[in-house]
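Structure record follows, encoded as structure tokens.
Please treat every number below as a calculation from the coordinates, not as lab data. None of these values were measured; they are calculated from a predicted model. When we count neighbours, we look across all protein chains shown, and the Cβ atoms used for this are built from the backbone with ideal geometry, even at glycine.
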Amino acid sequence: KGVKDLIELKRKMMIAYEHFRYVTQNKIDTFNEKLKKETLTEDKRSYSYKRLDFIKLSDYTEVPPQDVISKLEEALSFNCFDYFEVAKIKDIVEVKDPIVFGRINNCSDRFFIGQWDNDISIEDIIKENEG
């Protein structure tokens, strides 16, 4: 970055730190760890939990309430932010991956390589003497 960019960054940060409350990435990570512990559920094939998710305001499809729009307009007047984000609680589902298959292009069959955990086994899909 050039000197002008660094000066502009410092200007923006001085204004933002002076006029707005802030949240560090560490606080967000700690919040997400706590939220995951509190909301984690597990079944045979997946884990589900909640996480704080950030969406650029320009990609956000809902309209914020009028009081928040007024605060956004005020924040814009400080000319210190490059963009805005909306934080929402999001449901996360992670599917477990306990079986590895090999694939060959133009062949629809899957070739069993290995498995781990007790979530699902090759025997749940095919009989022991099949394949």
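Being more than 27 Å from GLN25 (Cβ to Cβ) and surrounded by 13 or more Cβ atoms within 10 Å (Cβ to Cβ) is not true of ILE113. For the range 1-26, which residues satisfy the criterion of being of a type in the set (Asp, Glu) and under 21 Å from ALA75 (Cβ atoms)? Correct list: GLU8, GLU18. Scan the range 27-62 for residues that are among the aromatic types (Phe, Trp, Tyr), more than 30 Å from ILE125 (Cβ to Cβ) and surrounded by 14 or more Cβ atoms within 10 Å (Cβ to Cβ) and the total you get is 1. When ILE126 is tested against (1) surrounded by 10 or more Cβ atoms within 10 Å (Cβ to Cβ); (2) under 30 Å from GLN25 (Cα atoms), only condition (2) is not met.
Tallying residues that are assigned to a loop (DSSP other than H, G, I, E, B) and free of Cβ contacts under 8 Å to residues at least 24 places away in the same chain within the range 104-131 yields 17.
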